[in-house]
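Right, one structure below, let's go through it.
The values are calculated or read from the model by the stated rules, or taken from the named source; none is laboratory data. Bear in mind the structure is a predicted one, so any value in this text is a computation, not a measurement. Neighbour counts run over all protein chains shown; Cβ positions are idealised from the backbone, glycine included. Remember, those area values only see protein heavy atoms, side chains included, never the ligands or the DNA or RNA. Shrake-Rupley method; radii C 1.70, N 1.55, O 1.52, S 1.80 Å.
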Amino acid sequence: MNEPLLSVTDLRKYYYENNSVLDMLLRRDQQAVKAVDGVSFSIDPGETLALVGESGCGKSTTGETVLKLREPTNGEVMFDGLSVFDASDLTEFRRRAGIVFQDPFASLDPRMTVGEIVREPLDIHDEGDPKDRDRRVKYLLERVGLSTEQIDRYPHEFSGGQQQRVGIARALALQPDFLVLDEPVSALDVSVQAQILELLDDLQNEFSLTYLFIAHDLAVVRYIADRVAVMYLGEIVERAPVEDLFENPAHPYTQALLDSVPRVGAEGSIDDTETLPGDVPSPRNPPSGCRFHPRCPVAHEYCRQTIPPTYDIDTNHQTNCFRAAPDSEYWNSEPLDPS
């Protein structure tokens, strides 16, 4: 068995309110917003792990904290056997790990040409001589589906899909091993989404890339992912191989996500979809016990009081829910009313 390329253990990212000098003078208690609260997962070389969940569940914060673009509150990230958070110099890690952002236009400097944007990582890391850098930039632009004749154009002269291709080329400039893809197609038209997903799949095979793919679109996840981790309110509630998760979801939240996907009926009509009751609780004051229990249709009194342990269905399918255990006593007891 290969060692994971990336291993994340008990990752936490809190944002604190009431922590100004005035608040301290007035002795106001700090309040933590728990954006990411105890997340753990690993990704093998060449694998794609999808991180999915509703907006605001902490997916993007997880990805950015893994890359130390945000300062972690606690936890450990090991990359190829070395600690990311304890490293005094992140230069080598920055060479080997990159990110593609959700909004392609906002992530590109409007004052720079696309050639300058793709070349910037090479200049910062002093990679090769000027001629080598120029050749690398032209190669990357062509590889992602753009023309070298567009090298002196500015981001606003490109469509959204073309802008995202520029962002991908920039992420590949230093020949990384690992990329965080932060909802890279959610801002694009459906037809363009398919093109970008196919490009990412081809690039992964060609360059032996490892992906952390952040998304909320389950159809996209099923196309590109090998494994899926489902997040809810800062925590991972289920991990499984992609087909296992779609065919046999174990956690009630995962089941609800899949049930909410619109489906076309035999006569072309849209079938009714089931939506979760209530709203996502605030990360400032998350529920006790299982955080999903206020909205869960099968929650029990025990769920209100106790954090569910990770239940191993097999070595690759885990969920934090008592109901997932086939021999659980809670299968035969009456659930709470989610309302």
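Here are some notes:
- Couplings for region 159-165, taken from phi via the Karplus curve 6.51 cos²θ - 1.76 cosθ + 1.60 with θ = phi - 60°, read 6, x, x, 5, 4, 5, 4 Hz in order; Gly and Pro are left as x.
- By the helix-only formula, in which each DSSP H run with n ≥ 4 contributes -39500 (n - 2.57) and the sum is divided by residues, the chain has a 222 nm mean residue ellipticity of -8500 deg cm²/dmol.
- For Ile124 and Asp279, the difference between the fully extended length at 0.36 nm per residue and the C-alpha to C-alpha distance is 51.3 nm.
- At full extension, Glu247 and Glu206 could sit 11.8 nm farther apart than now, given 0.36 nm per residue minus the alpha carbon distance.
- Of Met112, Met78, Met231, the one that fluctuates the most in a GNM where the chain has Cα springs shorter than 10 Å: Met112
- Between region 119-149 and region 152-186, the Cα center-to-center distance that results, in Å: 13 Å
- Between Ile236, Ile124, Ile214, the residue with the greatest mean-square fluctuation in the GNM of the chain (Cα pairs under 10 Å linked by springs) is Ile124.
- Carbon/sulfur fraction of accessible area - region 6-332, other protein chains in place, 1.4 Å, %: 46 percent
- Seen from Gly160, the other residues with C-beta closer than 14 Å to its C-beta sum to a net charge of -3, counting Lys and Arg as +1 and Asp and Glu as -1.
- The phi torsions of region 6-13, fed into the Karplus equation with coefficients 6.51, -1.76 and 1.60 and a -60° offset, translate into couplings of 10, 10, 10, 10, 6, 6, 9, 9 Hz, rounded to whole numbers, with Gly and Pro shown as x.
- Across the chain, the longest piece that holds none of the trypsin sites (Lys or Arg not before Pro) lying in DSSP loops with up to 15 other C-beta atoms within 10 Å covers 112-262.
- Rolling a 1.4 angstrom probe over the protein heavy atoms with all chains in place gives the chain an accessible area of 51 Å² per residue.
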